[in-house]
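Have a look at the structure below before the remarks.
The values are calculated or read from the model by the stated rules, or taken from the named source; none is laboratory data. None of the values given here were measured: they were computed from a predicted structure. Cβ: placed from backbone, ideal geometry, glycine included. Neighbour counts: every protein chain shown. Protein only, heavy atoms only, side chains kept; ligands, DNA and RNA dropped before computing areas. Shrake-Rupley method; radii C 1.70, N 1.55, O 1.52, S 1.80 Å.
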Amino acid sequence: MSIKNKMWDLTKWKIMKSHLGYSDEEMKIFKERPQNEDILSKAPSLMKKTIVFEVKESHGCNSQHKVGDKLYFDGAGNLLTKQCPEKVCVYAMHAATPLIYAANELFYAGADPNEMRFKRSACIDVGVKCGGWGELL
């Protein structure tokens with residue numbers, strides 16, 4: 001085990017306890033779940049990743065998202081606001097959520113998230129023809 005890995009192993013639980021604001025009792029529960037150990041062991045690599053969503057189609061979008069606009073998230077799924085358009089539609093975020101979850105699960109399982117088979121999503125607005133306003137893919 002490298003020195004870097006040893007340091008991470010020694011400090012990860014302290015960092016997580018502080019980061020999540022857990023009590024000692026909550027931290028005990030957290031540590032008892034084996035999947036949390038596995039996820040934390042992969043966290044440093046995951047945090048080097050960026051998840052990018054690119055608008056492929058847009059029509060009637062109230063937030064004015066355009067083809068080519070990109071939404072950037074860190075590996076944990078946090079929106080990187082300084083890299084995104086000034087306005088980000090909550091419905092576009094809703095569409096991104098299951099794909100971020102799937103990307104994380106693939107990463108944790110040791111698979112390449114870029115190989116995801118179904119990697120397109122759409123906002124929940126049904127468009128003007130169906131009684132909505134716009135459509136975003």
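Does Met16 fit the bill of being open to solvent by 80 Å² or more (accessible area, probe 1.4 Å), at pLDDT below 90 and of a type in the set (A, V, I, L, M)? Show your work before the answer.
Numbers: open to solvent by 80 Å² or more (accessible area, probe 1.4 Å): no; at pLDDT below 90: yes; of a type in the set (A, V, I, L, M): yes.
The answer is no for Met16.
In segment 97-137, what residues are among the charged types (D, E, K, R), more than 17 Å from the chain's Cα centre (by Cα) and not in a loop (DSSP other than H, G, I, E, B)?
Within segment 97-137, Lys129, Glu135 qualify.
Pick from segment 111-137 the residues that are under 13 Å from Ala95 (Cα atoms) and among the acidic types (Asp, Glu): which of them is surrounded by the most Cβ atoms within 10 Å (Cβ to Cβ)?
Going through the qualifying residues, I end up with Asp125.
Does segment 39-47 include one or more residues that are modelled with pLDDT under 90, more than 16 Å from the chain's Cα centre (by Cα) and not in a loop (DSSP other than H, G, I, E, B)?
yes
For segment 76-96, what are the residues that are open to solvent by 50 Å² or more (accessible area, probe 1.4 Å) and part of a helix (DSSP H, G or I)?
Once the filter is applied, which keeps residues that are open to solvent by 50 Å² or more (accessible area, probe 1.4 Å) and part of a helix (DSSP H, G or I), segment 76-96 yields Thr81, Lys82, Gln83, Val90, Tyr91, Met93, His94.
Could you pull out the residue among Lys48, Lys6 that is over 30 Å from Glu135 (Cβ atoms), open to solvent by 60 Å² or more (accessible area, probe 1.4 Å) and in contact (Cβ under 8 Å) with a residue 12 or more places away in the chain?
Lys48
Among the candidates Glu26, Glu32, Glu37, single out the residue that is surrounded by fewer than 11 Cβ atoms within 10 Å (Cβ to Cβ), free of Cβ contacts under 8 Å to residues at least 12 places away in the same chain and not polar (S, T, N, Q).
Glu32
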